[in-house]
Each structure stands twice: as structure tokens, then as C-alpha cells.
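Data block below; observations after.
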Amino acid sequence: MRNKIILVLIIFAVVSLARVASAEVDREKLLKDPGVYATFAVFKVGDQWSQMDKEARASGVADVKKVFQKHADKVTVDTYLLRGLSEKADFFFRVHSTEILDNQNFLVDFMGTTFGKALKNTDTFNGITKALNYVPKFPEDVKAELKTPPPQGSPYVVVVPVRKDADWWLMSQDTRTALMKEHADATLVYLKTVKRKLYHSSGLDDLDFITYFETAKLDDFNNLVTALLQVKENHHNKQFGEPTLLGSIRPLDEVLEILSR
Amino acid sequence: MRNKIILVLIIFAVVSLARVASAEVDREKLLKDPGVYATFAVFKVGDQWSQMDKEARASGVADVKKVFQKHADKVTVDTYLLRGLSEKADFFFRVHSTEILDNQNFLVDFMGTTFGKALKNTDTFNGITKALNYVPKFPEDVKAELKTPPPQGSPYVVVVPVRKDADWWLMSQDTRTALMKEHADATLVYLKTVKRKLYHSSGLDDLDFITYFETAKLDDFNNLVTALLQVKENHHNKQFGEPTLLGSIRPLDEVLEILSR
Amino acid sequence: MRNKIILVLIIFAVVSLARVASAEVDREKLLKDPGVYATFAVFKVGDQWSQMDKEARASGVADVKKVFQKHADKVTVDTYLLRGLSEKADFFFRVHSTEILDNQNFLVDFMGTTFGKALKNTDTFNGITKALNYVPKFPEDVKAELKTPPPQGSPYVVVVPVRKDADWWLMSQDTRTALMKEHADATLVYLKTVKRKLYHSSGLDDLDFITYFETAKLDDFNNLVTALLQVKENHHNKQFGEPTLLGSIRPLDEVLEILSR
Amino acid sequence: MRNKIILVLIIFAVVSLARVASAEVDREKLLKDPGVYATFAVFKVGDQWSQMDKEARASGVADVKKVFQKHADKVTVDTYLLRGLSEKADFFFRVHSTEILDNQNFLVDFMGTTFGKALKNTDTFNGITKALNYVPKFPEDVKAELKTPPPQGSPYVVVVPVRKDADWWLMSQDTRTALMKEHADATLVYLKTVKRKLYHSSGLDDLDFITYFETAKLDDFNNLVTALLQVKENHHNKQFGEPTLLGSIRPLDEVLEILSR
Amino acid sequence: MRNKIILVLIIFAVVSLARVASAEVDREKLLKDPGVYATFAVFKVGDQWSQMDKEARASGVADVKKVFQKHADKVTVDTYLLRGLSEKADFFFRVHSTEILDNQNFLVDFMGTTFGKALKNTDTFNGITKALNYVPKFPEDVKAELKTPPPQGSPYVVVVPVRKDADWWLMSQDTRTALMKEHADATLVYLKTVKRKLYHSSGLDDLDFITYFETAKLDDFNNLVTALLQVKENHHNKQFGEPTLLGSIRPLDEVLEILSR
């Protein structure tokens, strides 16, 4: 009899896992497709968290994981640790989905946990992915080079929000393509060590673009940004960073463990 | 005897409802007329709210609903959830009336409830609706197109406060009309998916305009704003957003339920 | 015997009242004369106030009234409610006297009450009244029109701090007079519905002017400011508002009652 | 026997006083010499101070006086009340010494008292006094006028931090001397009513100069600043004030008494 | 028997010390090499620290020292006291390592101590050291002078973050070298009294450079900065300071002792 119960439980667990698995959103697709909405939600831990006792914090952490599971069929979430490298916040999430309401619902649930209630949401950036604007008009050799596979498994993340000036937007498309070609040329040498992703934000936030980078070589990244400061497009950056978010890519468990000590 | 009492109570309830109904301000008219005052009141929930016990929060929420009923003969109030999509605040109200003192009295009562006392009022925008300024001089076909019925029942809201530079205001009316015609042309293709409303704020706030949008298609809205960045009027936006408020349109009950978890 | 005591008390009360009356500063004169110092003291109520019990708040309010009486021979104080129409603060005082030390002493005493200690002083503007600068050189008809009696008993107040750029101050006096004539012309039509008062602040604050308005017609005020945006003087406003304070004129008792609920 | 003890105590007290006196830094010299370091330390009283009981506050005040005595051989400290005339802070100290480490050590001790721990240090300006830069090249009559003895015993203080633009610093010394001559001419008429002192801050703070004023006539000071706005040097003030600190000069005891009520 | 135990303990202690010593990172090399990452972490002590009892603070301080020891094989840390000379913070650390993840891990551990939890991290600057950019093209005599050995054991530190404008970055390398030669010339006379170090920050922070100085003569430093304001490079400083951090160089123990009083 007891064995039967155990068997039933095992089957139930396997089926549940399978359902979770099948319910999970297609992460690879979300990270590649145009028309995907991203919300970067940046948080700082408030004083009340460290004043709770250990058990309350452990239970708070467990609730966070449940929220992640609950929304796993709609959103995919990447987690990053800022503490130590930025005074602005302790960590941030990058949330992707095909409908930004799903990002909101996930974050509302997260902010409703005991841990979430102890946080200050210091920044939120919203953006949408799009098909490439300028690349189709680039020369074939540049296009080919831009297909260099990006590095995998990098430990560092940098997020740089960008806002362009009115002169930029009022240029002819051709002039802008020429400037973006100059921009692309400056980046080619870093394609092997710096992975990039672009989000469009005009109207969804007080930004025009969210530029996202992963790298293992921050010295290369410093050279890359210095190279971009030296192309004419730089005259049209009304905002570049402010805040620049520099952190390390870490799994949710590690972020939660560090912030619950 | 008992039946009589029940009957009296029912009649009383019906009469009360009728009185409430008759006392309600004409919402449709307020949302269409010129000379109507709007106050956008933006709030963030403070730490003390989540530290109250469940009953105190339930009673606080009940008081909020009473304040809404008490002022229903003077003001009409729309409610929006920002949490998750904006770090600046958790929710906002759009309050309309024909006398801004009624907006103030409603908000003073709201901020005097237990829930209201736990809030931080992070932003307030005041504006007034007016008859259209430039449209009367537009060509007939543009005028006709501008009458496209806006979408109904959209889930998303965006509010973008705007301030123009001195050069804008010192242009001749004709030059400004030409620039606004260019602006209108850029928006025509989005009339079916983005609903708009304009408020004038000069002197009532540190703004010239509050631009208000509802949509189900944020990708269209992103394209609309990008198109507006590419017309010459953009040279004269001293402030565009800052803050841009992106949120979802939700009934009062849902907003209160989410924030009282 | 009892009657005698009552009589004595009545006489004492009458005499006290008379003394208070005779001790009161000449309000009319302070509001008209040049060389009078004004301090606009803007406050937001802190969380600790609503956490006090009812009696402590009642006693705090009584102390505030005593401070007003104590300084009535030196300063005259107008009171305004901002809550609901401005996120920046809940109320402000406009304090006038012939010696700014009297404004400070009044405010120091006010801020030393239980109520005062629960406040955050979010802004303070200091200014001095002066004889008219440009009007003497205006044409006679403009001068005559500028004597239109202002409206009385208006419910709304707007305060707009202003700072001019270096070009403004380095113009010849004649050029500035011409620009101020253009400014005055734009305001003539609103003299009947908008009451104005000007304070000079250079060196007393990070401002050049405090412009103060009372009106019953905020639509007229919006039109007035829009008209002022369209005169050339607008090119020289380094700061106009920021913060614009929009509120309602309410007696001290009403302000205190609203904030003590 | 008792008399002897009293005598010994008196002698001890006199000797102690004498030692304190001899140990006191030469205030007149510090206020006149070049090469003296000044630290302007600006503070706002936090909520916890008024929540302490009366005795704790009295003991806190006594500790502050001991800190002043302890450092009297190294620094001289002037005290000022801002509350009521500035929202930015409640009071500030002007600390002078020949070695800025002595300013730091005094302030560290002050901030370590119970009163100091209840304060928020809202601003700190550091500067150094220098021999006059431009005056040596001025005409003899201007030089003579500049020797007008300043007013003594003025009740008001104004501190205006200043930062110049790159164009200012890149002018030839002669051009700058000509502009400073124009500046000096504008101030001559106010020498009798406004006392001035200048500190150089480049590299010691985010400022180029701290300008310090004492006066009994704030109307004259307003006219003086208005006159300075009208000389060409004003084109090169990147920062003028922000914050302007307006307050009254009050002895330490009065400042402490007011803030301990 | 007892002697044996003591002997064993001594040997163990010596071996441990040796291991710590051998585990210590090569400080001299880190302070000289290119490709080293520096994190400037700036902190202000929060109210809760002074409200803890003495023992809790002593234990918090002991934990801080353990964190320093634990990371001594990866990072080298310099400590500075700002309190009294800057309102922005109380102290800062300059952390060096060859991998910025080590800086983060050290700071995460530090911020996880009882003391760390009571701090507000007000600013963080990240940078990387590089080989000299412009010096190789300078004339030989300037190169020789630039080798003047810097002063040792200075009591003061100044940190000035710098951001250049787009015009600077878009100049030809030769033009920039000429401007940097002019810059270097202005500094030669101060090489004996002011020690300097440069970090590159573009992309790692919202800065281009962190300039770091040690000196015993702040009057010389004020003259040095004034001289730099007078070279053409100054036209291209979009940010210079803001914040400028002025403090004194003090060992960890002294910083902790001062902040634990």
C-alpha cells in the first residue's frame, strides 16, 4: 500500500515537472525574435530586510522562487548582481515576453513577496526588439563580419541606456546609415569578446535605446566604448549611460543567497 | 412585519442607488468638453502600508471607495497601475472636473484615508482641455482622417508631459500650424490603434502640455513616437517625458487589491 | 461676588483683545509698501504627524495658533493649501514684515511646535518689494490700464519663481523697458481676473523674482501665461516655475483642520 | 580647611582659564591672513533629535560646547542660523584654521556628539584665502575706496558659492582684470553696508569661489547683487548660488537653544 | 606536555602568518601595472549604526577586519576619511585587483557585515589603469621632468572624476596630444608636492577618467587645478568633479574607530 502511494507521488511529480517544462516559454526564441518586450527592473535592498530574522528571510526567498515558476510559461528572466560595482542598486532582472503585460504581472507578483516589499525599485527600462534598421544597407563584407558568433558564458554585464538628440532623428535615413556604418566599423574588432543586444525604447520610457552587453574582457569593453566616443554619432548622444549598469551575471539562487546573508 | 421591513430596505436601497446615479457627474461630457480640468495624481505606496495588519488594510481600502462615492457628483476618476513598468510610482489617478477645486477636494479626502496617508505623492500634473488650436487650418482630407474613431478598451496607458522652448512660442501662428500639420501627418497611420487626448498646462504646472495615450499595440506606439522624433517640431521640445508614465488601465478594485496583498 | 469675577474676566478679555488689535501689524500697508520682506515657506507633513494620537495633534494645532498670535505685531501671514494640486508640498505661508529677522523668528517658533517638528520644509523663497521699475516710462494709456483694480476674494493662488539670464541683465535699460512694455501689453486683458504681486529676490535666494498671482479663473491664467510665453522676454527666462506652486487660498484653521484629520 | 580648599579651587580655575586663553588660536589673524583654510559645514537637524527627552538634549548640547573648547587652540568657529530663511538647512559653521586637517578633526568630533549624530550634513564648502589677485592693478582711487572699513556687528549673513566657465579661465589676465575692475566699480557704493570675504575653492570642492557677506541692510545687498548681474563678468558665472545661504549671525548658545526646544 | 602544546600553537601561528603573507597580493605591482581594475567605493554611515550598543559595534568592526584579511590575496585596499570635509560621505575605499570580480566579491562581503549593512553606498567609480597615451610623443625634456619622484606619506587625498565632451574624442590624436602637452606643462611645477594616478572609466562607469591625487600641500593643489582651468583642454571637460572627494588618508583602524564612537 505504502509503495503504491510513493509510486503515485513519483508519477505525479514527474508529470508536474513535465508540465512545468512544457509550460516554459521558448527562451531561445524570445532572445532572438523581433517584437519581444524587455523590462529591466533594478532594485536595491532596503534596511528592513536585514532586520528580519533568518527564517523570515528564508521563507521570503522561497516565495520569490515560486513567483519565478508561476510565470515561467510567459516570461524568461535573467538575473544580475550589481552590488559592489554600482552604488545605484544591488541587482537587476531582465524580463522578456511577447506582451509587456506579462512582464508587469511577473514583477507585480515579485514585488508582492516579503522580499519584494523590502526592495526599492530604483530604475526600470522598457524596450522592444526590432529587425535591424541599418545593417541591410551595409557593404557585404561588413554584414559578413557582423555575423561573428558572440562569446558565450561571459561573467560581466553592462547596460547603457541611450537617448539621441533631435538632429539625429531629423537626419536623412542615408546620412544616419553612413554614421551607423562608421559606428559598426569601430565595433568589428570586438565582436569576438563582447556580445551585444539592442532594445528600442522611444515612447515606452525616457530613452531611445537600451544597449546591453556581456563580456569576459572589460578592458576590451572599455576600448570599444572609447572607440565609439570617437565616431561622429557621438555628437548626437544626448544621454549615454546615466546610469551605466556594470555587474556580474549570476543565477537567481546566488543573487538571493548574497542578499540574504 | 419582517417582510415589510425587507421591502422598506429594498426601496431605500433602490432610491439610494438612484440618487447616487443621478448625482454622478456626466463622465462622457467631461471627457469630451473643452474647459475641463484634469489632475494626474501619481502615488507610490510607502513601507508602513505593508507593515499594517490585514484588517487595517481592508478597512483602509473600504474608506478609499467611500471617498470615490462621496465625490462622484463632482469628479470622474480613471485608475492606472504603474508598478512593474515604472520605478517612479505604483499607480496614478486621472481626475476630471469643471472646477479644479473639486479635484483638490477629492484628492485631499483620498490622501486623508489610512491608505492615502501611507502613500507618497510622487508627481502631480494639472491641465485644462481646450478647443483644437491648429486643426481648423489643416486641409480637409487631414481633418477628415483625424476623425477616425479611436480604439476602445485598450489595456495600456502612456502619459508624456511636454514643455516647448521659447523659439516655439515666438514663432508666427502660421509657422507653428505648418509644423503641427507635419506632426499630424506623422500620426495619421496610428489613429486606429492609438487613442489620444491633450491637456494644456502652462501656468498650472511646470509643463506646457500633458499628452495622454491609450493603446493595445505598444509596438505601434513606439513607431508613432519615433515618427514624431523625426518631424521638425522635435527641435522645440525642451521636455518630452521625464517622466514618461507607462502602465496598464485597471479598475480601482484591482489596483487596490494588488497594492494590498 | 461671582458676577464681579465674571465682569472682571470680561473686562480683562476685552482689554486683551484690544491690546492684540492695537499690537497687530498694519497688514494693508505691508501688502502695498516697497521695502517689505516676504518669505514664502513651503511645507510637507511628515509621517510622524498622522501617527500621533488625536489629542497630541489637537494640542499641536493650538500651539500653532499661539505662535501666530505672538508674532501678530511684527508679521502678517497668508495661508494656502497645495495638497492635491502639487506633489511638492501640502501647504505654504506667505510671511510679510519690514525686517526679515521677524519672518525668521516667526518661522523658527512655528517650526518649534509639535506640528512644526513633524513638517519637512520643502522650499523657502525670500524677496523684497520695490517701487515699479519700468512702468514710469510706459505710455500714459498703458499706465492707466495698469491701474485696473484687481479681483478680490479669489480662491486660487499661483506662485512662479523666475530667474533671468545674463543677456537680460546686460541689456540697456531702454531695451529692457521695451521688452517689459511688450510683456505688460500681453497682460492688460487679464488685469480684471488675475491679481498680481512682484518680489525681488536676487542675492536673497537662488532666484531673481517671485511672481505671485490670485485668480478665480485658472483658464484665464493659463491664457495669460501662454501669452507671456509669446513675448520676446521669454527668451531670457533661465527659470520659470520649477516649482510652480498651484493651490487654493484657505484660512489657517481650514489648513490645519485638513492636515490633522 | 574649607577655605583653603576653595582657594585652591579658585586658583586652579583661574589657571585653567588662563591656559585656555593662551591656547586659543589668534582669531583676528585667521580672519585676515592669506593661506588660511575655511570649511563651511551646513547641517539640518534630524527627526531623532526632537524625539529625545529634554535631559538627553541638554547633555548633548553640553558635549557640543566641550568640543568647541577642545579645539579652540586650532580652529575658530563662527555660527549662523538658517532655519526659517532657507529650506536647505538649519544652521552652519564657518571654521578657520591654518591646516584643513584641524577643521576636519573639529568637525569629526562635533559630528560624534549625540547632537552631531542627529544631524544631516547637507553641504560642505572648502576654501583657502589668498592675497588679492586683481586689485594691485586697479587705479589708485579705486584701491583707496576699496579700503573703506566694512560695517561691524551686522545681523545677516549671505554665502554665495560661485563657479566660472572655461571662457573665464582662458581669458588673458589683463582682460580678466578689466572685467574685475568693472565688477569692483559696481560694488564701491555698498562697501559701507556690506562686508565681504573671498575664498578660493578650485580643486578643494566643486566650486571656484565661496563669497561671504555680512550686512544689516538686505535691500542694499539685493541692489549689490543686481548690480553685479549687470556687469560682463556675469556671462561667465556657470554657478552663482545654488545654494545661496541666507541666515542670521547668532552665537553658538542661541543656535543650540533654538534647535533644542 | 603544556610546553609542547604551546610550541605547536606557536608553530601553527607562524605558519599561518607565513601563509597569509605569501597569500597577500603584490600591492606594489597592482599600484604600478597597466590593466589593473580599481573600484572607488564611497560610503556614509546610517543612523542605525549609532543606535547599536557598543558591543555590537565592536563585533561589527572585528568582522570588517576579517573580510579585509579574507580577500588580502586578491585585492589591495586603501582607506580614506571624508567626514568633516565632504557632506557626500564619511569614508571611501580604493580597491585594486587584476579582475574586477575580485573587487566586487570583497565589497559584497564587506557590505554583508553588520557595519556594512548600516552603510549607504553613496558613490562607486570603476576604472582601469593603462599605459600612457600621450607622453610617448612629448619632447624629451618634458618626459624627463615627468619622472620626478612623487611625494610620499601625504596626509590628503583628492579624487576628481572627469568626463570629456564629444569634440574632445573626435579631435585628431595629434591635436589631443598638443592639448595634453599644454596640460602636462601646467602640472610640472607641482610634481614634487602632488602625487597623481589616472584610471580610465569609459563604459565601466558614467565617467571617462578618475583622477586621483595625494598631497601635503592643498594650497599647491588649488594652484594646480587653477592652472589646469587655464589650458584649452578645460573647454572639453563636460564633468570635472561633481563630486570632488577631499579627505585625509587614514588607516582602516582609525577610520573604523572614528565612525564607531
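Would you confirm whether or not the stretch B:223-233 contains a residue that is out of contact with any Leu (no Cβ under 7 Å at 6 or more places or on another chain) and charged (D, E, K, R)? Among the residues of the stretch B:223-233, not one is out of contact with any Leu (no Cβ under 7 Å at 6 or more places or on another chain) and charged (D, E, K, R), which makes the answer no. Here the strands (runs of 3 or more DSSP E) wholly within the stretch D:196-261 that include at least 1 residues being at the interface with another protein chain (Cβ under 7 Å from one of its Cβ atoms) are D:245-249. Condition check: surrounded by fewer than 19 Cβ atoms within 10 Å (Cβ to Cβ), touching a helix residue (DSSP H, G or I) at 6+ places or on another chain (Cβ under 8 Å) and within 14 Å of chain C (Cβ to nearest Cβ). Does D:Gly46 satisfy that? Yes; evaluated as a whole, the condition is true for this residue. Going by the structure shown, is A:Asp73 within 22 Å of A:Asp33 (Cβ to Cβ) and surrounded by fewer than 19 Cβ atoms within 10 Å (Cβ to Cβ)? The answer is yes for A:Asp73. Cβ separations smaller than 9 Å between residues 6+ apart or across chains give the following pairs from the stretch E:14-35 residues that are exposed (fewer than 10 other Cβ atoms within 10 Å of the Cβ) to residues that are at pLDDT 70 or above: E:Ser22/E:Asp73. Annotation for the stretch E:74-85: at least one member residue is away from every other protein chain (no Cβ under 14 Å) and in contact (Cβ under 8 Å) with a residue 60 or more places away in the chain.
Being in a helix (DSSP H, G or I) and without any contact (Cβ under 8 Å) to a residue 12 or more places away in the chain is the filter; apply it to the stretch C:47-57 and report the residue that is nearest to B:Lys120 (Cα to Cα).
Residues of the stretch C:47-57 that are in a helix (DSSP H, G or I), as a first pass: C:47-51, C:54-57.
Remaining after also requiring without any contact (Cβ under 8 Å) to a residue 12 or more places away in the chain: C:47, C:50-51, C:54-55.
Values: C:Asp47: 10, C:Ser50: 14, C:Gln51: 15, C:Lys54: 22, C:Glu55: 25 Å.
Per the criteria, the residue is C:Asp47.
For the stretch B:49-69, a tally of residues being surrounded by 17 or more Cβ atoms within 10 Å (Cβ to Cβ) and among the basic types (Lys, Arg) returns 1.
Select from the stretch D:226-248 the residues that are closer than 17 Å to C:Ser172 by Cβ and among the small types (Gly, Ala, Ser) and list them in ascending order.
The first filter runs over the stretch D:226-248 and keeps only residues closer than 17 Å to C:Ser172 by Cβ, leaving D:226-227, D:229-232, D:234-235.
If the condition is that a residue be closer than 17 Å to C:Ser172 by Cβ and among the small types (Gly, Ala, Ser), then D:Ala227 is the only one that fits.
Scanning the stretch A:168-195 for residues that are away from chain B (no Cβ under 14 Å) and in contact with a strand residue (DSSP E or B) (Cβ under 9 Å, 6 or more places away or on another chain) gives A:Thr187, A:Tyr190, A:Thr193, A:Val194, A:Lys195.
Within the option set E:Lys44, E:Lys65, being in a helix (DSSP H, G or I), among the charged types (D, E, K, R) and either more than 19 Å from E:Val158 (Cα to Cα) or outside the structural domain of E:Ile210 (by TED's automatic domain parsing) (or both) holds for one residue only, E:Lys65. Only a single item in (1) more than 7 Å from chain D (Cβ to nearest Cβ); (2) more than 18 Å from C:Glu24 (Cα to Cα); (3) of a type in the set (Asp, Glu) is not met by C:Asp123, and it is number (1). If you go through the stretch A:68-90 and keep only what is touching a Pro at 6+ places or on another chain (Cβ under 7 Å) and in a helix (DSSP H, G or I), you end up with nothing.
Which one is nearest to C:Ile100 (Cα to Cα), of the residues in the stretch D:188-225 that are touching a helix residue (DSSP H, G or I) at 6+ places or on another chain (Cβ under 9 Å), surrounded by fewer than 17 Cβ atoms within 10 Å (Cβ to Cβ) and not charged (D, E, K, R)? Within the stretch D:188-225, the match that is nearest to C:Ile100 (Cα to Cα) is D:Val189. Do the conditions hold for D:Phe106, that is, is it farther than 14 Å from D:Leu252 by Cα and in contact (Cβ under 8 Å) with a residue 24 or more places away in the chain? Yes.
The values are calculated or read from the model by the stated rules, or taken from the named source; none is laboratory data. Since the structure is predicted, the reported quantities are computational estimates derived from the model, not experimental observations. Cβ: placed from backbone, ideal geometry, glycine included. Neighbour counts: every protein chain shown.
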